[in-house]
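Trainee: Quick one: this structure, given as structure tokens, is what I'll be asking you about.
Values in this text are rule-based calculations from the coordinates and carry no lab data. Here the structure is a predicted model, which means the values were calculated and not measured. Note that each Cβ is placed from the backbone with ideal geometry, even for glycine, and that neighbours are counted across all protein chains shown.
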Amino acid sequence: MKVGVLALQGASARHASMLTRLGAEPVTVRSPADLTDISALVLPGGESTTMSQLLESSGLFEPLSERLAEGLPALGTCAGMILLGRDILDGRSDQRCFGAIDIDVRRNAFGRQIDSFEADLAIEGMGEGEGDRPVHAVFIRAPVVERIGTGVDVLATVEGRPVLCRQGPVIVAAFHPELGDDPRLHELFLNEVV
Ligand code: GLN
């Protein structure tokens, strides 16, 4: 199965390694033609303002928006979460997002810990026998989910705030599941969503 990894800016390489390790074929996505064969897409962490600009200048924004509207499965992490949400708070005025999941996201606003922190998460729906083992999550200038639409499931929280959400074929994480050596979130995406 070919799974695209958006590679305009940010941390795409480790996502690609996770996908390879799980038996999928990662495809680097940098232009509209790269969308043709993919069955799913990972939008990595990085800088969402820059990614938004590069999505426009590469001509990817509109065709990707169409694929997402047609139900392309997507996993967005950190900046990827910001791009997949419906509204961005504390964004740049020209920054765009896809509205593929009904959440509003505030950039760089996780409590007072603006820079980075780590947390062990209990995740709803992890595979059998795995549910008791927490996922160690790394948060780097992480976004905060400020509004959750009615169709959105919250799969994990930190201090009562949603950090992992799903709506239909879209999963978003405020953290970086590609860092470290735990492929279970990518596995959940490939097995349950794609
Ligand atoms: N703060 C970044 C943004 O606004 C996201 C940080 C990340 O992806 N690690 O896009």
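Trainee: Working from the alpha-carbon coordinates of the range 1-67, get Rg over Rh, Rh being the Kirkwood radius.
Mentor: Here Rg/Rh amounts to 0.95.
Trainee: Subtract the Cα-Cα distance of D87 and V194 from 0.36 nm times their separation in residues, and report this length gain in nm to one decimal.
Mentor: 36.1 nm
Trainee: Suppose the Debye formula is applied to equal point scatterers at every Cα of the range 1-40; what is log10 I(q)/I(0) at q = 0.15, 0.21 Å⁻¹?
Mentor: Here log10 of I(q) over I(0) equals -0.29, -0.57.
Trainee: Each residue of the range 92-97 in turn: what ³J(HN,Hα) in whole Hz from Karplus with 6.51, -1.76, 1.60 and θ = phi - 60°, glycine and Pro shown as x?
Mentor: Values per residue, Gly and Pro as x: 7, 4, 9, 7, 10, 9 Hz.
Trainee: Same structure, new question: Please work out the C-alpha center-to-center distance from the range 131-158 to the range 45-82 and express it in whole Å.
Mentor: Value for the Cα centre distance between the two parts: 19 Å.
Trainee: A further question follows. Working from the pairwise distances between different alpha carbons, so that the mean of 1/r is found and then inverted, what is the range 154-194's Kirkwood radius in Å?
Mentor: Computed over the range 154-194, the radius equals 10.9 Å.
Trainee: Shifting gears a bit: Computed over the Cα atoms, what is the radius of gyration of the chain divided by 2.2 N^0.38 Å, N being its residue count?
Mentor: Ratio of Rg to 2.2 N^0.38 Å for the chain: 0.93.
Trainee: State which stretch of the chain is the longest one without any exposed GluC sites (Glu not before Pro), exposure meaning a DSSP loop state and at most 16 other Cβ atoms within 10 Å.
Mentor: Segment 71-123 is the longest.
Trainee: Follow-up. Compute the normalised compactness of the range 66-126: alpha-carbon radius of gyration over 2.2 N^0.38 Å, N being the residue count.
Mentor: Computed over Cα atoms of the range 66-126, the ratio equals 1.29.
Trainee: Would you work out the relative contact order for the chain, in percent, from Cα pairs under 8 angstrom that are 6 or more residues apart?
Mentor: Normalised by residue count, the contact order of the chain is 19 percent.
Trainee: Rounded to a whole number of µm²/s, how large is the Stokes-Einstein D of the range 115-194 at 10 °C and 1.306 mPa s, given Rh as the Kirkwood radius over C-alpha pairs?
Mentor: Translational D for this selection: 122 µm²/s.
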